[in-house]
Amino acid sequence: MSAHRSGVLPERIGVAAVFGLAWPIMVSMLSRTAMTTADTLYVGRLGTAHLAAIGLAGVAAWAGIAFGMGLLGGVNVTVSHRTGAGEHERANRVWWQGLYWAGLISVIVVSLFWVGPWLFPLMGGSAEATELGSAWFRIRILGSPLTFATFALTAWFQGRGDTRTPMVATLVANLLNIAIDPLLIFGFGPVQALGIAGAAYATNIALAVGLSFLLWKSRRVVAGFSAPRTDDLSEIFRLGSPLAVWYTLDVLAFGLFVALLARVGEAELAAHVVVLRIISVSFLPGHAVGEAGGVLVGQSLGAKRPGSAREAWVSATKLGVGVMASFALIFLVVPDGLLWPFALEEEVSRVARKLLIVAAVFQVFDALAMVSLNALKGAGDTRFTMLVGVFSSWLVKLPLGIWLALPVGMGLGAVGAWLGLTADILFLAVVASWRILSGGWLRADKKAKEAEARKRAA
């Protein structure tokens, strides 16, 4: 029996059950990778400064979006628990509540559209990269309401076990983005060339189309209007706010990480941007497996089946490790073939080859970390997830990255920074797995359920 179609958990949650829920998420994420890779390929034709600019601006945009993305993760957890418990009417009600949160967050984030020219020099960007990145950043931030509404509805569908509808929406949006990217970046006929800004406009247009599809597909499921409800909004906030804090601080730490690379050199930053695009081909399928495992964990605990929750984690771990280990071999065997489409300058290519080796080393640990952290999230153990994530970003990745990368330390440049990232991933994998094996996530879920029952009774 398919969980994503019926909302009923199978008797056993093996690798096949996880894969059945994960493959549409994989397709969605890989199509998003194709879109961002196409952006990078097109923008890379404009020059190294443009690549560096989109690296800086992309991190800054995610810093603005990360809080809302994390908070709306509470929609996924809330819906998966209610679906597992058979409370479908209460799960459907969250459709409206998620959009209310998306609207509120959008008002806050759009007000940040002006910070680019002030922020990018602090991140180590050159004058040219600051000017180019600011243009892209303003356009993407103004389109953030589309992003947040899409996050909310995607989380709602996935929490119910429907990963195929968001997949179709993402495919349509990303294929459209790839098609209109060169038109807006380079111009054609009467269409004026917009350069790096054209890539941002193409993304916003594609998001609007994908969101329209999600709204259309959910019109029959969500019957009638639901006003804002304090209990639903507060539950989303309780589960999502720790994720929001973690995602925001993690992106800020990653922004400092990118600033570190910018100060090491523009070639080092450009190599980082390119290799990050390449390894997303393995990272995103691993993340998709983690997301699917998290949904199954949430539904299992909603159905009061803790054994199935553990089974979902084990099966997702097997699948995630298998996928990412396979990609690690590819990174080691054919690095030049992976770098060839980007037409890199020799110095950038030299650094990128070394980063691919580091990426191959941390693949298996990354799979374990992503699956375990998503399992904790699905269980509603989001406060612990926040604490370990923030600790690892700020007290493992950054200090080690700085010491290994800069001349005042080991002076290894981008490779040193990525070794710091490897230590961060290893720490997360070990601690998150320990939390699951020790049963701490189940105790946290039991306490949260008891507190919710008392609140509803009052």
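Any read-out appearing in this document is the output of simple, stated calculations on the displayed coordinates, not a laboratory observation. Bear in mind the structure is a predicted one, so any value in this text is a computation, not a measurement. Note: ideal-geometry Cβ built from the backbone for every residue, glycine included; neighbour counts use all protein chains shown.
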**OP:** Any chance you could give the angle, 0 to 90 degrees and rounded to 10, that helix 266-302 forms with the longest Cα principal axis of the chain?
**Re:** 0
Original post:
Can you give the charge dipole size of region 184-305 about its Cα centre, rounded to the nearest 20 debye, using +1 on the beta carbon of Lys and Arg and -1 on the beta carbon of Asp and Glu?
Top reply: 480
**OP:** Express the Stokes-Einstein translational diffusion coefficient of region 231-338 in µm² s⁻¹, to the nearest whole number, given a Kirkwood radius over alpha-carbon pairs, 4 °C and a viscosity of 1.567 mPa s.
**Re:** 77
**OP:** Beta carbons within 10 angstrom, averaged per residue: use that to sort the peptides 356-362, 369-375, highest first.
**Re:** 369-375, 356-362
Subject >> Theoretical gain in end-to-end length, Val334 to Val408 [0.36 nm per residue, Cα-Cα removed] >> reply: 23.3 nm
Subject >> Gap separating the Cα centres of region 131-155 and region 339-379, nearest whole Å >> reply: 25
**OP:** Using θ = phi - 60° and the Karplus relation 6.51 cos²θ - 1.76 cosθ + 1.60, list the HN-Hα couplings for region 49-57 in order, rounded to whole Hz, with x at every Gly or Pro.
**Re:** 4, 5, 5, 4, 4, 6, x, 5, 5
Subject >> Leading residue at positive end of dipole, region 3-457 (Cβ point charges), from Ile278, Thr382, Thr130 >> reply: Thr382
Original post:
Which ordering of Thr165, Thr230 is given by a fewest-first count of other beta-carbon atoms within 10 Å?
Top reply: Thr230, Thr165
Subject >> For peptides 307-317, 377-387, 74-84, sequence by mean Cβ density within 10 Å, most packed first >> reply: 74-84, 377-387, 307-317
Original post:
In debye to the nearest 20, how big a dipole does the chain give about its Cα centre with +1 on each Lys and Arg Cβ and -1 on each Asp and Glu Cβ?
Top reply: 1620
Original post:
Among Ile13, Ile185, Ile330, which comes first, second and so on when ranked by fewest other beta-carbon atoms within 10 Å?
Top reply: Ile330, Ile185, Ile13
**OP:** Give the angle, between 0 and 90 degrees and rounded to the nearest 10, that separates the Cα long axis of helix 306-333 from the longest principal axis of the Cα atoms of the chain.
**Re:** 20
Original post:
If you count, for each residue, the other Cβ atoms within 10 Å and average over each peptide, how do 173-181, 432-440, 16-24 line up from highest to lowest?
Top reply: 16-24, 173-181, 432-440
Subject >> Equivalent ellipsoid, the chain (semi-axes from 5 times Cα gyration tensor eigenvalues, Å) >> reply: 35, 25, 20
Original post:
Once phi is turned into ³J(HN,Hα) by the Karplus curve 6.51 cos²θ - 1.76 cosθ + 1.60 with θ = phi - 60°, what whole-Hz value does each residue of region 90-106 show in order, with x for glycine and proline?
Top reply: 5, 5, 5, 4, 5, 3, 5, 5, x, 5, 5, 5, 4, x, 5, 5, 4
Subject >> Built amide H within the under 5 Å cut-off of Gly187, gap 5+ >> reply: Leu194
Subject >> Angle in degrees between helix 440-457 and the longest Cα principal axis of the chain, rounded to the nearest 10 >> reply: 60
**OP:** Step through the residues of region 177-184 one at a time and calculate ³J(HN,Hα) from phi using the Karplus curve (6.51 cos²θ - 1.76 cosθ + 1.60, θ = phi - 60°), rounding each to whole Hz and writing x for Gly and Pro.
**Re:** 4, 4, 5, 9, 3, x, 4, 7
Subject >> Residues with amide H under 5 Å from that of Met410, placed H, sequence gap 5 or more >> reply: Leu404, Ala405
**OP:** Pairs of lysines 8 or more apart, or on different chains, with alpha carbons under 14 Å: count those in region 3-457, would you?
**Re:** 4
